[in-house]
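A quick write-up on the structure given underneath.
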Amino acid sequence: MLIISIWSFYGAFGQQLKGSLHGTLLNEMNEPVEGGTISIEAFKLITSSGRDGEFKFEKIPAGKIRLTITCIGYKQLYKEVTVTIGEPSAITITLEPIINVLEEVVVSEKDFNNVKRLRDEEGTMIFAGKKNDVIILDKTNANTAENIPRQVFSKVPGVYEWDLDGSGVQTSISVRGLNPHRSWEFNVRQNGYNVNSDMFGYPESHYNPPTEALSRVSLVRGGASLQYGPQFGGMLNYIIKEGPRDEKVDFETRQTIGPNKLYNTYNALGGTIGKLNYFAYFNYRVSDGYRPNSHYDWWAYYAGLHYTLSEKVKLGFEFSRMYYIDQFAGGLTDAQFEADPRQSNRSRNYFQPNMNIPALLLDIRFNGHTSLSLKSNYFIGQRNSVMFTPPGTVPDTILASTLQYAPRQVDRDYYNSFTNELRVLHHYTIAGREQAISIGGRYSNAVTNRKQQGTGTTTTDFDLTVIGDYALDLDFNTVNYAVFAENLFRVGKQLSITPGARLDIVRTRMTGNIDYTSNSFNYDKNRSIPLLGLGLQYKLNDLSNIYANWSQAYRPILYSDLTPSASLDVVDPNMKDSKGFNADIGVRGNLNDLLIYDVGLFYLYYGDRVGSLALTNDSGQAYIYKTNVGTSAARGVESFIEFHPTAINNLKATVGDIGVFTSIAFDYATYIDGLTSVNGQDVQIKGKKLENAPQWIARGGITYGYKFLSTTFQASYVSEIFTDALNTPSSSTGVTGIVPSYIILDWNATFRFSEYNIKAGINNLADEKYFTRRINAYPGPGILPADGRTYYISLGKEF
């Protein structure tokens, strides 16, 4: 009905004698091109593209016209378009850069600034007033073969990562004092659609695409909660590359080797045939790992077909698959780590996800004022593990009584979920100024079958065979309906105000059996959660602005919160969802490519956090009571500054581009209210530091780029953290305690010769012995050491 009404509304103007043309100029990275000249020689008309790449011709004769497009650094282009009567015609034009090959060395006008900002409007979404970062991977010196987040996100202040094993098969990051566990405080997406199995009941993101296949990564902080979902962290979006527009068939490949028998092969095929653009990749990576018993095999596949039905309608189909088997070396105690952080006392622990994501995409641009996007995707996957789970002080050895190993524990999850999101962006005019409203809706249905604590075999390989039944066999179902809207009001030439609202309706159901409890589970809860937000933006000039945003967020009770881990455990029947808000204010800009900056303040309020209390019942038996235990607040500063001294008098044209950057975040994250338990006694945790929340994250470095060479040296500092709400300094098992501060040095370089390239680097140059996580269960328990010094060398060809 919405689509029909929009068509009918604009059809009323079909009798006008003239039409208009609205267009956008983009470069090969789908970034807007400013300063392009567009002319219609037949009518002696000329205009230029603005900062957002857009241009307009109003009241021009209808029919076929020929455009001439010129822009410094790009090839001249001619384009025939049809202007319809009455309604504006829309067109997107991709420019091809001019590249001169001199002695096999590529010389181009492209810069080495690899962090950009989202435009006020992108597609059918509004980002004005929101803190955001866009990382351009083609301009980033990083070890993309092994997917090292501290290098990829080096210029995004406040990104905290868990280095679990150096394999790069999992991305675990967070911001503003949130938990990094598989990035589960983010709304994680690929090309705009969800890649989590269940955003509300089980939000862990097991899937992440290979970094080599990405064109860019977008990170929008808490202000994204209204358009994407209510997550406290915001939105993390992986953008896959597309096939080249000027080639029918082309390929890219990169082969990487390193220590510990590392081999990574990435191969992609892409191009454009008529109206069809296609891109597909295959990635395989294998290594024995830095520690013994850390072998892994990783496979990733993707195919994307995008067909332009007309200038107004585009249809796409994408399929992604990720599969790997990762052997875990197990956790260590503090004493074991100090003696030898590379040691391992586990050889039979394995983890194996298998994720498949088909997706359908539809984009319609009805005219210059109204566009629509529809994204539908299905998630089919498994999460499997086989583990020997006692503490690290208990060796996994052959038992004298049986002459065999002890049986391992087998856990399996099966995922089936469907998500459908519809968005419409409409432009209209108030007092002669263009405004924009984005409205949309979402439906998702996620089903999970969880089988845990099965008795496995006594073998040593990856074996999911179970003897008997699983102790825990549960079915989860989450159904979500959502409607959301944001309106970009432009008040004068400089100020914009963006209010927004969202309504989520969530139904959570859990049924099944747990052997160690007396009752079958039949949990069913419905809730409706309204969210509000407000964004402000004031333009200082075309490249700089002041931004501010306040947005509400919430996190529903997770299925793990509802599941007792022992026979006496009790779950609070009145447990509440966690609710809070994000607020930030800052200034960002670009001073003629000499100084690039984004400096701001933030405050994150997280109410009704879920935790556990150790209590004693009337019979004197100890038990765990899961309930809401406290409220936390994170407040601080996020600052990114990059200085390019060779931009003065255009020195970079003769000596190259030098960029010196600092990315610093100060985060004072504490409990402002709450209780926990020690030996059955309630203990107040108000004023305690929030776990997994470093007070300082500081990264800095220098990048040099000239002609065929680009190289970056960076340092990363993370201050100490606590791993529990009591701020326990240490424990005999290594499960709780302080994670000490650390400094990591990295160096990466890229050499480009025409379409070929060589990449090399050294990770953890100073061979720092450190760890980022303590854990009380899989894949530990105990300390999980990070990798020491490693290196890599890659040979490749690009599109």
Quiz item: Which members of the stretch 729-765 meet the condition of being assigned to a strand (DSSP E or B), surrounded by 16 or more Cβ atoms within 10 Å (Cβ to Cβ) and of a type outside the set (A, V, I, L, M)?
Solution: TYR742, ASP746, TRP747, ASN748, THR750, ARG752, ASN757, LYS759, GLY761, ASN763
Quiz item: Applying the selection to the stretch 82-102, what residues are touching a Leu at 6+ places or on another chain (Cβ under 9 Å), in a strand (DSSP E or B) and of a type outside the set (Val, Ile, Thr)?
Solution: SER89, ALA90
Self-check item: All positions within the stretch 463-486 that are open to solvent by 60 Å² or more (accessible area, probe 1.4 Å) and more than 19 Å from ASN416 (Cβ to Cβ)
Solution: THR465, ILE467, ASP469, VAL483
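Test LEU726 against the criterion of being in a loop (DSSP other than H, G, I, E, B), in contact (Cβ under 8 Å) with a residue 24 or more places away in the chain and closer than 29 Å to LEU601 by Cα, and give yes or no. Explain how you work it out, then say what you get.
Working: in a loop (DSSP other than H, G, I, E, B): yes; in contact (Cβ under 8 Å) with a residue 24 or more places away in the chain: yes; closer than 29 Å to LEU601 by Cα: yes.
Yes.
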Quiz item: Looking at this structure, is SER197 surrounded by 24 or more Cβ atoms within 10 Å (Cβ to Cβ) and among the polar types (S, T, N, Q)?
Solution: yes
Exercise. Among the numbered conditions (1) part of a strand (DSSP E or B); (2) at pLDDT 95 or above; (3) open to solvent by 50 Å² or more (accessible area, probe 1.4 Å), tell me where GLU434 comes up short.
Key: (2)
Quiz prompt | Enumeration of residues in the stretch 324-342 that are part of a loop (DSSP other than H, G, I, E, B), surrounded by fewer than 20 Cβ atoms within 10 Å (Cβ to Cβ) and in contact (Cβ under 8 Å) with a residue 60 or more places away in the chain | solution = PRO341, ARG342
Exercise. Given the conditions (1) more than 30 Å from THR654 (Cα to Cα); (2) out of contact with any Ser or Thr (no Cβ under 6 Å at 6 or more places or on another chain); (3) of a type in the set (Val, Ile, Thr); (4) crowded, with 24+ Cβ neighbours inside 10 Å, report the number of the one that THR140 does not fulfil.
Key: (1)
Practice problem: Filter the stretch 766-799 down to the residues that are basic (Lys, Arg) and open to solvent by 40 Å² or more (accessible area, probe 1.4 Å), then identify the one that is nearest to SER344 (Cα to Cα). | Solution: LYS769
Quiz item: For the stretch 232-272, what are the residues that are touching a Gly at 6+ places or on another chain (Cβ under 9 Å) and of a type in the set (Val, Ile, Thr)?
Solution: ILE239, ILE240, VAL249, THR253, THR256, THR272
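So that you can scan it fast, the table gives a plain yes or no per residue for (1) β-branched (Val, Ile, Thr); (2) within 11 Å of the chain's Cα centre (by Cα); (3) modelled with pLDDT under 95:
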position	(1), (2), (3)
VAL152	yes, no, no
PRO157	no, no, no
GLU161	no, no, no
ASP165	no, no, yes
GLN170	no, no, yes
ARG189	no, yes, no
MET199	no, no, yes
Exercise. Having 2 or more residues that are out of contact with any Lys or Arg (no Cβ under 7 Å at 6 or more places or on another chain) and among the charged types (D, E, K, R) is the bar; report the strands (runs of 3 or more DSSP E) wholly within the stretch 593-696 that clear it.
Key: 622-643
Quiz prompt | Cβ-Cβ under 9 Å pairs, at least 6 apart or on other chains, the stretch 83-112 side over 20 Å from GLY35 (Cβ atoms) and at pLDDT 65 or above, far side open to solvent by 70 Å² or more (accessible area, probe 1.4 Å) and part of a strand (DSSP E or B) | solution = VAL83/LYS18; VAL83/LYS64; ILE85/LYS18; GLY86/LYS18; PRO88/LYS56; PRO88/GLU58
Quiz item: Restricting to the stretch 574-621, what's the tally of residues that are among the acidic types (Asp, Glu) and closer than 30 Å to LYS652 by Cα?
Solution: 2
Quiz item: Quick one: would you say SER154 is surrounded by 24 or more Cβ atoms within 10 Å (Cβ to Cβ) and farther than 25 Å from GLY533 by Cβ?
Solution: yes
Quiz item: Counting only residues that are over 30 Å from ASP411 (Cα atoms) and of a type in the set (Lys, Arg), which one in the stretch 343-395 is surrounded by the fewest Cβ atoms within 10 Å (Cβ to Cβ)?
Solution: LYS375
Practice problem: Only residues that are open to solvent by 60 Å² or more (accessible area, probe 1.4 Å), under 26 Å from GLY674 (Cβ atoms) and under 28 Å from the mean Cα position of the chain (by Cα): list them for the stretch 574-620, please. | Solution: LYS576, LYS579, LEU601, TYR603, TYR605
Quiz prompt | Matching residues in the stretch 41-81 - criterion: being open to solvent by 60 Å² or more (accessible area, probe 1.4 Å), part of a strand (DSSP E or B) and β-branched (Val, Ile, Thr) | solution = ILE46
Quiz item: Could we say that VAL660 is farther than 25 Å from LYS689 by Cβ, open to solvent by 40 Å² or more (accessible area, probe 1.4 Å) and in contact with a helix residue (DSSP H, G or I) (Cβ under 8 Å, 6 or more places away or on another chain) here?
Solution: yes
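Which residues, taken from the stretch 621-646, are among the small types (Gly, Ala, Ser), more than 21 Å from GLY600 (Cα to Cα) and open to solvent by less than 30 Å² (accessible area, probe 1.4 Å)?
GLY630
The values are calculated or read from the model by the stated rules, or taken from the named source; none is laboratory data. Keep in mind that what you see is a predicted model, and the values were worked out from it rather than measured. Here the Cβ is made from the backbone with ideal geometry for all residues, glycine too, and neighbour counts use every protein chain on show. Accessible surface is based on the protein model in full, side chains and every heavy atom, while ligands, DNA and RNA are left aside. Shrake-Rupley method; radii C 1.70, N 1.55, O 1.52, S 1.80 Å.
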